[in-house]
Amino acid sequence: MSDTESSPYRHEPVEDWYIVGEEIGSGHFAVVKKVVCKRSGTEFAAKFIRKKRASTSRRGARREDIEREISILQELNHVNIIKLYDIFEDKQDVTLILELVSGGELFDFIAERDVLHESEATAFIAQVLEGLAHMHLKNIAHLDLKPENILLTNRAQAVIKLIDFGISRKIEDGKNEIQMLGTPEFVAPEVIAYEPLGLYTDMWAVGVITYILLSGCSPFLGDNKQETFANICAVDFSFDDEFFGNTSDLAKDFIRGLLVKHPGRRASVTDCLSHPWIKPINDRQKEE
Ligand SMILES: COc1cc(-c2ccc3ncc(-c4cccc([C@@H](O)NCCN(C)C)c4)n3n2)ccc1O
């Protein structure tokens, strides 16, 4: 029996229901295109995931990885996490119909601005933490947090959306013996050391992202992957006055609590949401 015959996903052609538009992005074995629902006229993003055709093939995503990403997306329901609306499958692709986010990647936003004011950074990071808190409460770790996987709904009152759950995992009993690699600049020491990963692995990435938002620099980036990994394992970073001269002690304390080698001593998402650098933002949002 072919994998499409038994699959729970819709087998009609995507094109029967959606007008498929321009490519807006791409990732591992996937392309993301803008689509318009023929019935409602509503715009969505469609992530076309190419399926591995043969077990020996190096191309295409494994079925269990596709089904894991879908299962995780179906379990999540939060304003700061991309929403999954529908799923199609044909011979070559599984296609996820997702909410469309039009403000681009946080990565580009930073690149255009070089650095952000602390109030902008805390507003972004507070939303990342809220989305992560929703995931971590369900013992789901993202494991590939980076500015490219944080989208903005618009450039003004930006609501952030976490995307790309391609290597996300349910964490059993607090940690997982899974081996994988996110993006070198953002991976935690335990990833490099092939030690158990956990929700704490996401928190290291939050520290790296916050450091970048405030300085425009990447704390551990070396001239090559090996050098970057060595800097990460040595937790070799500093708050160079040239880039952090106007950064508050609270912000530095927030980052220091995350860039901690021992996962058990690293700040959790709950610790971060109650950190004084973040808490005033949350209190203010609650007043609004
Ligand atoms: C759920 O997983 C994904 C969602 C999306 C997604 C969903 C809605 C949406 N609206 C706009 C966009 C968009 C706009 C510009 C670039 C990208 C993205 O492809 N770049 C992210 C790169 N990342 C996958 C490394 C995505 N997206 N992307 C992209 C990749 C994913 O793995």
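The values are calculated or read from the model by the stated rules, or taken from the named source; none is laboratory data. In this text, all values refer to a predicted model and were calculated from it rather than measured experimentally. Note that each Cβ is placed from the backbone with ideal geometry, even for glycine, and that neighbours are counted across all protein chains shown.
So the values come out like this:
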| quantity | calculated |
| --- | --- |
| Any chance residue 32 is more than 9 Å from the ligand (Cβ to nearest atom), at pLDDT 95 or above and of a type in the set (Val, Ile, Thr) | no |
| Filtered residue count, segment 240-264, keeping only those that are assigned to a loop (DSSP other than H, G, I, E, B), surrounded by fewer than 18 Cβ atoms within 10 Å (Cβ to Cβ) and of a type outside the set (Gly, Ala, Ser) | 4 |
| Test: residue 145 is outside any strand (DSSP E or B), at pLDDT 95 or above and of a type outside the set (Gly, Ala, Ser) | yes |
| Qualifying positions in segment 14-48 - small (Gly, Ala, Ser) and buried (at least 19 other Cβ atoms within 10 Å of the Cβ) | 30, 45, 46 |
| Whichever residue in segment 58-114 is of a type in the set (Gly, Ala, Ser) and within 24 Å of residue 8 (Cβ to Cβ) and, among such residues, is nearest to the ligand (Cβ to nearest atom) | 61 |
| Test result for residue 169, in contact (Cβ under 8 Å) with a residue 24 or more places away in the chain and farther than 17 Å from residue 213 by Cα | yes |
| Qualifying residue in segment 50-64 (condition: in a loop (DSSP other than H, G, I, E, B), at positive phi and at pLDDT below 95) | yes |
| Test result for residue 41, out of contact with any strand residue (DSSP E or B) (no Cβ under 7 Å at 6 or more places or on another chain) and either in a loop (DSSP other than H, G, I, E, B) or modelled with pLDDT under 95 (or both) | yes |
| Filtered residues of segment 199-216 (kept if more than 20 Å from residue 277 (Cα to Cα) and at pLDDT below 95) | none |
| Evaluation of residue 195 against (1) farther than 22 Å from residue 78 by Cβ; (2) of a type in the set (Asp, Glu); (3) surrounded by 20 or more Cβ atoms within 10 Å (Cβ to Cβ) (one fails), failing number | (3) |
| Residue match in segment 134-142 (condition: more than 14 Å from residue 199 (Cβ to Cβ), within 12 Å of the ligand (Cβ to nearest atom) and not acidic (Asp, Glu)) | no |
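Yes/no per residue for (1) crowded, with 17+ Cβ neighbours inside 10 Å; (2) in contact with a Ser or Thr (Cβ under 7 Å, 6 or more places away or on another chain); (3) of a type outside the set (Phe, Trp, Tyr):
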residue	(1), (2), (3)
132	yes, no, yes
149	yes, no, yes
157	no, no, yes
164	yes, no, yes
170	no, no, yes
203	yes, yes, yes
215	yes, no, yes
